[in-house]
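Working notes, beginning with the structure itself.
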Amino acid sequence: MQSTVKRPKILKIVCILGFFSIVFSFLAVFSPSVKRMGDWYPALFGLIVAASFISYIGVWHMKRWGVQLFIVTFFVKEILAVSVSDFSIAGILFSVLCIFPMLLFYNRMDLNL
Amino acid sequence: MHGIKNKILKIVFNLIGESISFAVNSLVANKLRTILSLLGITIGIFAIIIVFTVLDSLELNLRKSVESLGDNVVFVQKEPWQFGPDYPWWKYEKRPSIDFPVLDKIIKNCNSASAAAFVIFSSVTVKHGSSSIENVTVVCGSQQYDKVKNFEIAEGRYFNDIESSSGRPVAIIGDVLASTLFPFENPVGQTIKVNGAKVVVVGVFKKEGESILGNSSDTQVLVPINYARTLVDIHDENLNPQIMVRAKPGLTNDDLISELTGLMRSIHKLKPRNEDDFALNQTSLISTQFDSLFGVIGIVGWVIGGFSILVGGFGIANIMFVSVKERTNIIGIQKSLGAKNYFILSQFLFEAVFLSLIGGVIGLLIVYLITLVAGDSIGMEIVLSKSNVILGFTISILIGVVSGFVPAYGASQLDPVEAIRSN
């Protein structure tokens with residue numbers, strides 16, 4: 001029951017870049033600099049990394065829930081970043097550049113899990 | 001509305017319960033495989049958390065030691081507190097020693113100072129009855145030493161003005177010395193022999209514990225500087241002579257250093273073009289040096305632990321792929337009986353998270369046991385902090401989700417007919 005919708009090349013690139021960013025974000029979860037931001041900050045950051053990873057899997061399989069989860073995670077991540085004054089323009093730009101092609105092919109994506 | 005909410009909650013709890021039960025059964029059925037795959041996570045969590053625990057404990061100990069020195073105290077010394085290969089010791093060797101008469105000039109002329117004390121350190125043998133302790137650090141301080149150094153007296157009192165100015169043979173001893181020399185009696189009022197000279201104990205320091213800087217008062221003897229003249233040569237440069245100056249409340253160390261620099265230059269009669277021939281040290285110098293050291297150790301631990309965890313994650317992902325492959329026909333039967341995709345997904349995801357969590361908990365338990373054993377044996381308090389426990393659980397769950405999601409999602413997407421047919 002794999003999705004039969006063909007994955008566009010641009011989404012393939014976005015997902016591969018996303019998976020690479022997840023590897024670095026995963027390592028950042030337990031980095032000394034993230035740990036210094038508070039007892040619960042690594043847990044919240046880890047939750048965001050896990051959600052981002054799952055959303056990339058969803059997009060890779062051309063599922064709408066992947067895009068939805070990615071957008072929700074993006075906003076939660078930015079709210080958290082603002083709350084700890086760790087705002088990064090490059091991070092926002094990367095996410096926006098990912099969201100744009102995802103939305104472009106959103107209608108072609110599968111509704112089911 | 002309330003009924004629907006309850007129904008949804010019931011479904012969710014049933015789903016979680018069934019998923020956990022499936023996961024436990026699967027893990028118990030393949031014990032050896034389970035143990036081998038969680039070993040990677042255990043080692044990874046152990047490596048990261050032990051490094052962070054030791055670093056946190058060292059930092060805590062250092063902070064305590066630095067606080068005991070005083071955070072708004074400036075140390076007037078011959079040499080600056082610098083470390084590293086470029087330390088120009090030959091330049092500092094030529095400088096004049098900080099001598100006792102300088103103290104009076106600082107007390108009289110330094111408006112930013114609330115207190116100042118001249119201090120030297122020596123090594124002596126302390127005796128009481130048949131008990132004898134060698135290489136005890138004797139701190140010889142002037143009257144205002146209690147105002148510039150942070151310490152508490154558990155029993156007895158500090159020297160009074162007369163004892164200090166006339167150089168009476170009195171001493172305050174550390175907790176370890178007190179319990180070693182006087183195991184069954186109160187040390188206050190008793191006599192000890194310091195390098196053969198009789199000294200009356202007037203106080204005992206409150207127990208501080210081991211210090212990373214080696215300046216714990218537990219193993220020290222404090223005597224008035226005027227009495228110390230009879231024990232040692234107080235002008236001896238090898239005794240690390242220094243003047244500790246505390247800033248007035250509301251003034252910063254920078255204010256104090258600024259005034260002391262001018263004052264010391266005039267005392268040493270330095271011309272405007274001459275370089276300073278003294279050093280004004282402060283505890284923040286120690287903290288800064290150690291912060292960078294701890295930073296490097298932390299990064300090394302993070303990299304080593306990070307790779308261990310990544311390897312552990314690959315192990316779990318591998319085992320989950322095998323697990324899905326093995327149970328493909330069971331998945332097919334479950335789906336043909338009406339199991340939804342999310343149920344199959346959650347079943348395998350829970351299994352991965354559960355496996356990873358067990359590995360993480362074992363890793364944390366090993367760290368905890370080490371903190372108990374090491375804390376007693378090295379004499380320094382090593383604490384597994386709440387933040388490190390949270391971090392351990394976070395990493396475990398995260399690695400379980402990341403490594404288990406792909407196999408679990410693959411299982412949930414299987415076609416029931418093809419899945420049942422598979423061998």
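The values are calculated or read from the model by the stated rules, or taken from the named source; none is laboratory data. On a predicted model such as this, the values are computed, not experimentally measured, just so you know. Neighbour counts are summed over all protein chains in view; Cβ atoms, including those assigned to glycine, are modelled from backbone coordinates with ideal geometry. These accessible areas exclude ligands, DNA and RNA; they are computed on the full protein's heavy atoms, side chains included. Shrake-Rupley method; radii C 1.70, N 1.55, O 1.52, S 1.80 Å.
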Using 1/(1 + (r/R0)^6) with R0 = 45 angstrom and r between the beta carbons of B:Asn195 and B:Tyr368, what's the FRET efficiency to the nearest 0.05?
0.50
In the range B:397-419, what residues drop by 30 Å² or more in accessible surface going from the chain by itself to the full protein assembly, probe 1.4 Å?
B:Leu398, B:Val401, B:Val402, B:Phe405, B:Val406, B:Tyr409, B:Gln413
Trypsin sites (Lys or Arg not before Pro) restricted to the range B:310-388 and DSSP loop, no more than 16 other C-beta within 10 Å
B:Lys340
Give me the percent of Cα-Cα pairs in the range A:33-88 that sit more than 15 Å apart, rounded to a whole number.
50
Buried solvent-accessible surface, both chains (B, A), 1.4 Å probe, Å² to nearest 100
2500
Peptide B:23-33, shielding by other chains (average Cβ, 10 Å cutoff)
0
Looking at the range B:96-277 only, what percent of DSSP beta bridges run antiparallel? Nearest 5 please.
75
Computed on Cα atoms, the radius of gyration and Dmax of the range B:1-158 in angstrom are 31.3, 88
Normalising by the residue count of chain A, find the relative contact order in percent from Cα pairs under 8 Å and 6+ residues apart.
30
Rounded to a whole %, the carbon-and-sulfur portion of the accessible area of chain B at a 1.4 Å probe is 61
For the range B:244-349, state the average projected area of the convex hull of the C-alpha atoms over all orientations, rounded to one decimal in nm².
14.2
Taking Cα pairs closer than 8 Å and at least 6 residues apart, the relative contact order of chain B in percent is 28
Here the net charge surrounding B:Asn14, from other residues whose Cβ is less than 13 Å away from its Cβ (Lys, Arg +1; Asp, Glu -1), is +2
Decide, for the range A:9-108, between rounded, prolate and oblate: order the square roots of the alpha carbon gyration tensor eigenvalues as a ≥ b ≥ c, take rounded if a/c falls under 1.5, and otherwise choose prolate if a/b is larger than b/c, else oblate.
prolate
How much mean residue ellipticity at 222 nm does chain B get from its helices, if each DSSP H run of length 4 or more adds -39500 (n - 2.57) and you divide by all residues, to the nearest 500 deg cm²/dmol?
-19500 deg cm²/dmol
Tell me the mean residue ellipticity at 222 nm calculated for chain A from its helices only (DSSP H runs of n ≥ 4, each -39500 (n - 2.57), averaged over every residue, nearest 500).
-24000 deg cm²/dmol
One finds, for B:Leu293 and B:Lys207 with R0 = 30 angstrom and r their Cβ-Cβ distance, a FRET efficiency to the nearest 0.05 of 0.65
For chain B, max minus min Cα coordinate along each principal axis, in Å, sorted largest first?
100, 60, 50
Multiply the residue gap between B:Lys147 and B:Phe184 by 0.36 nm, knock off their C-alpha separation, and tell me the result in nm, one decimal place.
10.2 nm
Please compute the average number of Cβ atoms from other chains found within 10 Å of each residue's Cβ in peptide A:38-48.
5
Averaging sequence separations of C-alpha pairs under 8 Å and six or more residues apart, then dividing by the length of the range B:96-277, give the relative contact order as a whole percent.
31
Alpha carbon Rg of the range B:96-277, scaled by the compact-globule rule 2.2 N^0.38 Å:
1.10
With every protein chain in place, chain A: carbon and sulfur % of accessible area (1.4 Å):
72
With N residues in the range B:327-423, what two-decimal value do you get for its Cα radius of gyration over 2.2 N^0.38 Å?
1.59
In degrees, nearest 10, range 0 to 90: what is the angle between the Cα axis of helix A:41-60 and the longest Cα principal axis of chain A?
10
Mean accessible area per residue over the protein assembly as shown (1.4 angstrom probe, all protein chains present, square angstrom) is 51
Please give the length that would be gained between B:Val24 and B:Gln413 if that part of the chain were fully extended, namely 0.36 nm times their separation in residues minus their C-alpha to C-alpha distance (nm, one decimal).
137.8 nm
Hey, which lysines would be in cross-link range of B:Lys127, C-alpha to C-alpha under 28 Å, not counting anything within fewer than 8 residues on its own chain?
B:Lys149, B:Lys193, B:Lys198, B:Lys206, B:Lys207
Whichever lysines have a C-alpha closer than 22 Å to that of A:Lys12, once near sequence neighbours (fewer than 8 apart) are set aside
A:Lys63
What distance in nm separates the simple spin-label points at B:Lys10 and A:Phe24, each placed 7 Å from Cα in the Cβ direction?
5.0
Using alpha carbons only, how many degrees (0 to 90, rounded to 10) separate the axis of helix B:283-326 from the longest principal axis of chain B?
10
Based on alpha-carbon atoms only, what is the radius of gyration of the protein assembly as shown relative to the globular estimate 2.2 N^0.38 Å?
1.38
Fully extended, how many nm does the chain gain between B:Trp89 and B:Ser266 (0.36 nm per residue separation, minus their Cα-Cα distance)?
61.3 nm
Residue-averaged beta-carbon neighbours from other chains (10 angstrom radius) around A:17-30
3
Place the peptides B:205-211, B:48-54 in order of packing, highest mean first, counting for every residue the other Cβ atoms within 10 Å and averaging per peptide.
B:48-54, B:205-211
